[in-house]
Amino acid sequence: MSADVMQRAERPAWMEEPRPITQGFKGLTLVFTVLVVIVPFWVVLATSFAPDKQVIANGGYALWPDRWTTNAYDLIFSGGQITRAMLVSGGVTVIGTTFSLVCTIMLAYALARPGVVGGKPVMLLILFTFLFPAGMIPSFLVVNGMGMRNTYWALFLPVLINAFNLVVMRGFFQGIPAELFESAKIDGAGELRTLVTIVLPLSKAVIAVVGLFYAVGYWNDFFRAILYTDQATMWPLQTWMRTYVVQSQNSLISVQGGVSEQIQFAPQTVNMAVVVLATVPILCVYPFIQRYFTKGVLTGAVKS
Amino acid sequence: MSVTTKGPEAQPIAVVSKPPGKAERPKSALRHRLHRDRALLLLMAPGVVFFLIFQYGALFGNVIAFKDYMPFLGVVDSPWVGFANFRTLFGEAAFWDAALNTVVLSLVQLVFYFPIPLALALLLHSLMQGRVRRFVQSVVYLPHFISWVIVVALFQQVIGADGVINGTLGGSDGHLVDVIGNPDLFKPLMVMELIWKECGWGTIIFLAALAQIDEGLYEASALDGAGPWRRFWHITLPSLRAVIFLLLILRLGDILSVGFEQILLQRDAFGPDVAEVIDTYVFYHGIRDQNWGVAAAAALFKGVIGACLVFTANKIAHRMGEQGVYR
């Protein structure tokens with residue numbers, strides 16, 4: 001974070017000092033906005049760490065745990081269905097994001113080079129999908145026809161390349177000065193070498209943002225698993241949450257095959273612990289990538 | 001290798017010679033270009049294959065809207081039935097209810113959601129303290145990255161029947177708020193969730209537009225005696241005009257798609273009467289009830305109308321002298 005942003009900006013001479021009532025109103029609005037976002041997360045976090053007795057007594061939540069306990073987390077990590085769902089989510093996110101990024105970068109790079117054979121028709125082909133996106137049923141038929149149902153492929157291959165991300169990436173590559181490509185060529189570098197040694201190091205910002213968009217998309221998806229799989233063992237975390245947290249089916253039984261000693265846990269603490277665990281990865285990558293948002297998003301907005 | 005590296009340099013010449021040579025250009029020219037660009041073509045291949053299979057293959061699958069699709073026969077061999085699926089679809093009251101719900105919900109969300117990112121952006125832009133602004137931005141962007149599943153879970157936990165607000169403020173005489181599952185409150189709840197999740201993210205584009213306004217304009221008008229409100233009215237708002245129109249147009253094209261995931265998650269709690277939209281109709285009738293042809297017809301209907309709306313909206317934008325989404 002640069003120092004000039006951190007400092008208090010100088011008010012220009014022509015600008016009036018706002019009236020106290022305006023300032024107060026602004027302050028209140030900001031505090032309210034921030035609280036509205038943060039408080040729900042706090043409630044979930046507090047509930048997940050609260051003892052189940054307190055949660056049951058309150059009717060399903062806790063604002064401040066009487067005693068901080070990790071019982072809910074211990075239960076989740078003891079190797080039941082939720083542990084598996086988390087592994088599925090993590091695996092799909094890592095593998096899917098890798099495949100998506102590699103394919104998007106390759107396609108965007110080729111389409112960004114002027115005059116490549118077939119570049120224009122391929123770009124039109126891609127832009128056309130903005131107007132007519134593939135629908136749910138035809139996509140299902142394709143996945144089914146390729147025999148990918150009930151395989152993990154179905155969780156990321158059908159959405160491998162996002163046209164919007166591709167356009168963002170291509171726009172960024174096109175903005176790289178042509179002289180760099182020429183000097184690489186003079187040095188005898190082929191296309192692949194140019195891509196790896198010249199273009200990629202310059203494109204960290206856009207790769208970070210597009211990578212985050214892909215990763216968040218894979219991590220947050222619950223629907224493809226519903227559409228393309230029949231067995232709950234293949235469910236990612238979000239699909240699990242949809243069934244047991246949102247639709248309030250009792251998760252207690254399914255955590256570990258209904259062992260009786262676990263009855264003492266309030267399902268709500270377990271549910272909220274799952275919500276916390278599903279949120280944490282996003283909170284972890286977010287600060288690192290946040291500074292690139294505006295740049296990345298605006299490149300996309302201008303180009304499309 | 002030497003041929004490939006020559007590529008981009010030879011390229012402008014190829015473009016210049018294109019108009020006269022298109023018909024009579026010898027075949028070897030294409031072969032030469034293919035050879036020259038072979039590395040790039042190889043890079044392109046996986047992406048093109050993806051689009052051909054999963055976008056265009058799926059687009060072709062839409063023909064089952066005109067077929068009596070039988071899974072064991074497959075898309076190609078299922079018998080044609082003409083417009084029978086559409087006749088069935090248009091005769092179904094459930095479909096028209098879903099279509100009406102879709103449009104109404106879209107408009108309600110547009111009217112109540114749209115002004116808020118704009119207002120928030122103006123507020124953030126007016127802050128002199130960079131540090132406060134950065135902090136608030138980090139916080140309000142965050143929900144955009146949270147899944148709808150979590151958003152719905154958070155809402156249940158806070159304003160649900162057993163949620164925090166009822167528990168702490170409702171007292172013993174029943175519920176203060178009973179939002180989840182109450183059909184009358186479905187639309188307000190959807191709007192609230194949308195605002196909570198997306199309004200911070202929605203400020204990005206407005207903030208960028210605000211940052212591009214020339215400070216000199218403000219200074220000049222302030223010296224001419226314009227107060228803060230006049231400056232807002234005559235400089236800030238006109239400068240945002242293009243962005244506002246662009247976003248409204250984009251929304252118009254999307255009017256038949258309201259948050260599929262958001263609604264699918266809560267459809268069962270509210271019942272299909274209020275919470276069925278075209279997309280959920282397609283899912284439940286097509287994939288759940290195996291009513292393939294009719295559901296595909298519904299999706300195709302939606303897609304065609306949606307594309308028409310985008311065209312129309314773009315035309316309107318050009319008429320009004322705006323850039324529009326595309327040319």
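The values are calculated or read from the model by the stated rules, or taken from the named source; none is laboratory data. Everything numeric in this text was worked out from a predicted model, so none of it was measured. All Cβ positions, glycine included, derive from the backbone under ideal geometry; neighbour counts span all protein chains shown.
So B:Val81 passes all but one of these: (1) β-branched (Val, Ile, Thr); (2) under 26 Å from A:Leu160 (Cα atoms); (3) touching a Gly at 6+ places or on another chain (Cβ under 9 Å). Which condition number does it fail?
Result: B:Val81 fails condition (2) only.
Quick check on region A:90-102. Is at least one of its residues crowded, with 23+ Cβ neighbours inside 10 Å and within 20 Å of A:Thr197 (Cβ to Cβ)?
No, region A:90-102 has no match at all.
Any idea how many residues of region A:183-194 are surrounded by 18 or more Cβ atoms within 10 Å (Cβ to Cβ) and either basic (Lys, Arg) or assigned to a helix (DSSP H, G or I) (or both)?
Going through region A:183-194, the residues surrounded by 18 or more Cβ atoms within 10 Å (Cβ to Cβ) turn out to be A:184-185, A:189, A:191, A:194.
Adding the requirement that they be either basic (Lys, Arg) or assigned to a helix (DSSP H, G or I) (or both) leaves A:184-185, A:191, A:194.
The total comes to 4.
Going through region B:34-52 one residue at a time, which ones are among the small types (Gly, Ala, Ser) and more than 7 Å from every other protein chain (Cβ to nearest Cβ)?
Matches in region B:34-52: B:Ala45 only.
Can you give me the number of residues within region B:203-219 that are surrounded by 13 or more Cβ atoms within 10 Å (Cβ to Cβ) and at the interface with another protein chain (Cβ under 9 Å from one of its Cβ atoms)? Step through it out loud before you land on a result.
Applying the first criterion (surrounded by 13 or more Cβ atoms within 10 Å (Cβ to Cβ)) to region B:203-219 yields B:203-210, B:213, B:217-219.
Pick out the ones that are also at the interface with another protein chain (Cβ under 9 Å from one of its Cβ atoms) and you get B:204-205, B:207-208, B:218-219.
Residues in region B:203-219 being surrounded by 13 or more Cβ atoms within 10 Å (Cβ to Cβ) and at the interface with another protein chain (Cβ under 9 Å from one of its Cβ atoms): 6 in total.
Does region B:63-79 contain at least one residue that is of a type in the set (Gly, Ala, Ser), at pLDDT below 95 and either under 30 Å from B:Leu240 (Cβ atoms) or not in a helix (DSSP H, G or I) (or both)?
yes
The rows are residues; the columns are (1) touching a strand residue (DSSP E or B) at 6+ places or on another chain (Cβ under 9 Å); (2) of a type outside the set (A, V, I, L, M); (3) modelled with pLDDT under 90; (4) not in a helix (DSSP H, G or I).
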{"residue": "A:Gly147", "(1), (2), (3), (4)": "no, yes, no, yes"}
{"residue": "A:Ala154", "(1), (2), (3), (4)": "no, no, no, no"}
{"residue": "A:Leu166", "(1), (2), (3), (4)": "no, no, no, no"}
{"residue": "A:Met169", "(1), (2), (3), (4)": "no, no, no, no"}
{"residue": "A:Val196", "(1), (2), (3), (4)": "no, no, no, no"}
{"residue": "A:Phe213", "(1), (2), (3), (4)": "no, yes, no, no"}
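Where the second residue is of a type in the set (Val, Ile, Thr) and assigned to a helix (DSSP H, G or I) and the first is more than 29 Å from A:Asn220 (Cα to Cα) and facing chain A (nearest Cβ under 7 Å) and lies in region B:126-144, which pairs have Cβ atoms under 9 Å and are six or more apart or on separate chains?
Final answer for the pair search is B:Gly130/A:Val5; B:Arg131/A:Val5.
So which pairs qualify, if the first residue must be in region B:239-256 and among the aromatic types (Phe, Trp, Tyr), the second must be outside any helix (DSSP H, G or I), the Cβ gap must be under 8 Å, and the two must be at least 6 apart or on different chains?
From region B:239-256, the pairs are B:Phe245/B:Met320; B:Phe245/B:Glu322.
Taking A:Val259 as the residue in question, decide whether it is over 27 Å from B:Ile205 (Cβ atoms) and either modelled with pLDDT under 65 or of a type in the set (Asp, Glu) (or both).
Yes; evaluated as a whole, the condition is true for this residue.
Across region B:53-78, which residue is surrounded by the most Cβ atoms within 10 Å (Cβ to Cβ) among those that are more than 8 Å from every other protein chain (Cβ to nearest Cβ) and within 30 Å of A:Asn165 (Cβ to Cβ)?
B:Ala65
Please give the number of the condition A:Gly115 fails out of (1) crowded, with 18+ Cβ neighbours inside 10 Å; (2) within 26 Å of the chain's Cα centre (by Cα); (3) modelled with pLDDT under 90.
All conditions are met except number (2).
Within region A:40-51, identify whether any single residue is more than 9 Å from every other protein chain (Cβ to nearest Cβ) and either more than 21 Å from B:Gly160 (Cβ to Cβ) or more than 26 Å from the chain's Cα centre (by Cα) (or both), and answer yes or no.
Yes: region A:40-51 contains one or more residues that are more than 9 Å from every other protein chain (Cβ to nearest Cβ) and either more than 21 Å from B:Gly160 (Cβ to Cβ) or more than 26 Å from the chain's Cα centre (by Cα) (or both).
What's the number of the only condition in (1) closer than 26 Å to A:Asn220 by Cβ; (2) at pLDDT 90 or above; (3) assigned to a loop (DSSP other than H, G, I, E, B) that A:Pro65 fails to meet?
Answer for A:Pro65: the failing condition is (1).
Has region A:129-142 got at least one residue that is more than 8 Å from chain B (Cβ to nearest Cβ), in a helix (DSSP H, G or I) and touching a Lys or Arg at 6+ places or on another chain (Cβ under 8 Å)?
no
From the list B:Arg241, B:Arg231, which residue is closer than 30 Å to B:Gly130 by Cβ, part of a helix (DSSP H, G or I) and within 11 Å of another protein chain (Cβ to nearest Cβ)?
On the way: B:Arg241 fails: within 11 Å of another protein chain (Cβ to nearest Cβ).
Of B:Arg241, B:Arg231, the one residue that is closer than 30 Å to B:Gly130 by Cβ, part of a helix (DSSP H, G or I) and within 11 Å of another protein chain (Cβ to nearest Cβ) is B:Arg231.
Collect the residues in region B:211-228 that are closer than 21 Å to B:Arg133 by Cα, assigned to a helix (DSSP H, G or I) and of a type in the set (A, V, I, L, M), keeping them in residue-number order.
Once the filter is applied, which keeps residues that are closer than 21 Å to B:Arg133 by Cα, assigned to a helix (DSSP H, G or I) and of a type in the set (A, V, I, L, M), region B:211-228 yields only B:Ala211.
When the residues of region A:52-73 are filtered to those that are of a type in the set (Val, Ile, Thr) and surrounded by fewer than 19 Cβ atoms within 10 Å (Cβ to Cβ), which remaining residue is nearest to the chain's Cα centre (by Cα)?
Among those residues, the one meeting the criterion is A:Thr70.
Taking the options A:Thr104, A:Thr83, A:Thr97, name whichever one is facing chain B (nearest Cβ under 8 Å), hydroxyl-bearing (Ser, Thr, Tyr) and assigned to a helix (DSSP H, G or I). Give the derivation first.
Numbers: A:Thr83 fails: facing chain B (nearest Cβ under 8 Å); A:Thr97 fails: facing chain B (nearest Cβ under 8 Å).
Exactly one of A:Thr104, A:Thr83, A:Thr97 is facing chain B (nearest Cβ under 8 Å), hydroxyl-bearing (Ser, Thr, Tyr) and assigned to a helix (DSSP H, G or I), namely A:Thr104.
Within region B:220-243, how many residues are surrounded by fewer than 17 Cβ atoms within 10 Å (Cβ to Cβ) and either within 30 Å of B:Ile305 (Cα to Cα) or in contact with a strand residue (DSSP E or B) (Cβ under 6 Å, 6 or more places away or on another chain) (or both)?
Residues that pass the stated criteria total 2.
Please give the number of the condition B:Asp162 fails out of (1) within 7 Å of chain A (Cβ to nearest Cβ); (2) at pLDDT below 90; (3) assigned to a helix (DSSP H, G or I).
Looking at each condition in turn, B:Asp162 falls short on (3).
If you scan region B:165-184, which residues turn out to be part of a loop (DSSP other than H, G, I, E, B) and either at pLDDT 80 or above or in contact with a Cys (Cβ under 8 Å, 6 or more places away or on another chain) (or both)?
Answer for region B:165-184, where residues must be part of a loop (DSSP other than H, G, I, E, B) and either at pLDDT 80 or above or in contact with a Cys (Cβ under 8 Å, 6 or more places away or on another chain) (or both): just B:Asn182.
Of all residues in region A:11-29, count the ones that are out of contact with any Phe, Trp or Tyr (no Cβ under 9 Å at 6 or more places or on another chain), surrounded by 11 or more Cβ atoms within 10 Å (Cβ to Cβ), at the interface with another protein chain (Cβ under 9 Å from one of its Cβ atoms) and hydrophobic (A, V, I, L, M, F, W, C).
Matching residues across region A:11-29 total 0.
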